[in-house]
């Protein structure tokens, strides 16, 4: 709901602070005073209108600020949250525009782009006037309105769910078909895997092979060293370790016979001889590994060359080749299952499309019944607004599948039965569009939370028609916030509140002043609208109209 509008240096409006409440608000004033300019400031703050030509004579730029009461749970905060703007119970939008044509847009004081505000506008205002039909007559809002009117929202929700499920399956199928494996590539990869598997690659084999080759290449030298050790241990010459230990053992025995305290020496000698024996056994076991089978060295060198070649071919280490082989095997397994997966994906796609088309066609069928019904009711309502010969038709045409179904909607209009019916936005005047919008708002009841703004709604209406429009607006104001520029006293008298725009002399020429009128001041304004003056008879009639308007509550 629009709660406040602040306008500075916008055309002839030097400064205006307007507060709005629930219900039906009428904006009145003499012709040329700036009524339309005031309401044009509302779409202008969203960047939907307003040009550098509208910068007034009171400065180098205009400023428009609008405040809306919005629930913190409203979905429009999702758009603003992307800009770091947190939800609140009041939304403040501001636009500044210089005489050079540069505009700055702000939400909650933070600069945003024009596109952001254009996204927010349909959620906050519906403007119907001489040059604007902001949202209502576009296909998507018309379908939404019709679905509400005919109570088709549950079916519409099912269509939307089915559409998104279909889109999901289409995306999955497209991704799958975009990666269709080539038969030649599969054959090549299969051969590659077979060759790699035949190599029996092991990430640790290269290190083991290197150690074994080093040992075999050094075999002769190892044997020479082993022979030297064996000579030092126990050959027949007197200088070997075993002979020396034997002499030492005999001498220690002589010591022990002569001195009992030498017993510990004998134990040490025994331990030393035992260690030497263990060494001899260990050397013998190690030497057995030096036995070389025929062709062993050649076989190991051949394996080393084989590994070197595959490393060069793939430019990978053995551990990388092992992982690469595993990946290839997984890819082949996936590719071998591709035909089955494609079959499943195609079946799911067909099922999802069939589900969507079934529900969308049912929605279209029920919409056509509702469109026929509502066409007659719209025509009846506009006939009551001094458009007695007008013809209105809610037209549905088949469209490409979308989340809202298979239909494209439009309001067709002709001012008389002799004229061909064409899209209302192309042939209807601003006033006629506004009355069409009012008729739709009345039939739509409390649907939608946007503020309804009408310009040129009652221009040219006669007494009974104007009174009927006034009652319709007041009734609509019980559910929606409605702001109307009114030329008719019987319309304005039905309003819950009234503001007037007055043009006054100024040092710069003239300026427009906006003020709220209540009680006696409102009676005087209604009297002026009745007769152009505020004499006793006009005032009495104005008082009667205001009392009659209140009796409708």
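At-a-glance table
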{"quantity": "Subset tally (residues that are part of a loop (DSSP other than H, G, I, E, B) and within 13 Å of residue 383 (Cα to Cα)) for segment 459-476", "calculated": "2"}
{"quantity": "Residue check for residue 465: surrounded by fewer than 24 Cβ atoms within 10 Å (Cβ to Cβ), more than 35 Å from the chain's Cα centre (by Cα) and assigned by TED's automatic domain parsing to the domain that holds residue 33", "calculated": "yes"}
{"quantity": "Single residue of 216, 196, 142, 222 found to be modelled with pLDDT of 90 or more, in a helix (DSSP H, G or I) and either crowded, with 17+ Cβ neighbours inside 10 Å or in contact with a helix residue (DSSP H, G or I) (Cβ under 9 Å, 6 or more places away or on another chain) (or both)", "calculated": "142"}
{"quantity": "Some residue of segment 397-405 being closer than 30 Å to residue 354 by Cβ, in contact (Cβ under 8 Å) with a residue 12 or more places away in the chain and assigned to a loop (DSSP other than H, G, I, E, B)", "calculated": "yes"}
{"quantity": "Members of segment 351-370 that are over 27 Å from the mean Cα position of the chain (by Cα) and within 9 Å of residue 406 (Cβ to Cβ)", "calculated": "361, 364"}
{"quantity": "Pick from segment 398-409, criterion surrounded by fewer than 19 Cβ atoms within 10 Å (Cβ to Cβ) and in contact with a helix residue (DSSP H, G or I) (Cβ under 9 Å, 6 or more places away or on another chain), ranking: nearest to residue 152 (Cα to Cα)", "calculated": "403"}
{"quantity": "First in segment 272-287 and in contact (Cβ under 8 Å) with a residue 40 or more places away in the chain, second anywhere and loosely packed, with under 13 Cβ neighbours inside 10 Å and part of a helix (DSSP H, G or I), Cβ under 9 Å, 6 or more apart", "calculated": "287/223"}
{"quantity": "Test result for residue 502, more than 41 Å from the chain's Cα centre (by Cα), buried (at least 19 other Cβ atoms within 10 Å of the Cβ) and in a strand (DSSP E or B)", "calculated": "no"}
{"quantity": "Failed item in (1) assigned by TED's automatic domain parsing to the domain that holds residue 457; (2) closer than 18 Å to residue 471 by Cβ; (3) modelled with pLDDT under 85, with residue 494 passing the rest", "calculated": "(3)"}
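The values are calculated or read from the model by the stated rules, or taken from the named source; none is laboratory data. These numbers were taken from a predicted model, which means no experiment stands behind them. FYI the Cβ positions are ideal-geometry reconstructions off the backbone, even for glycines, and counts take in every protein chain you see.
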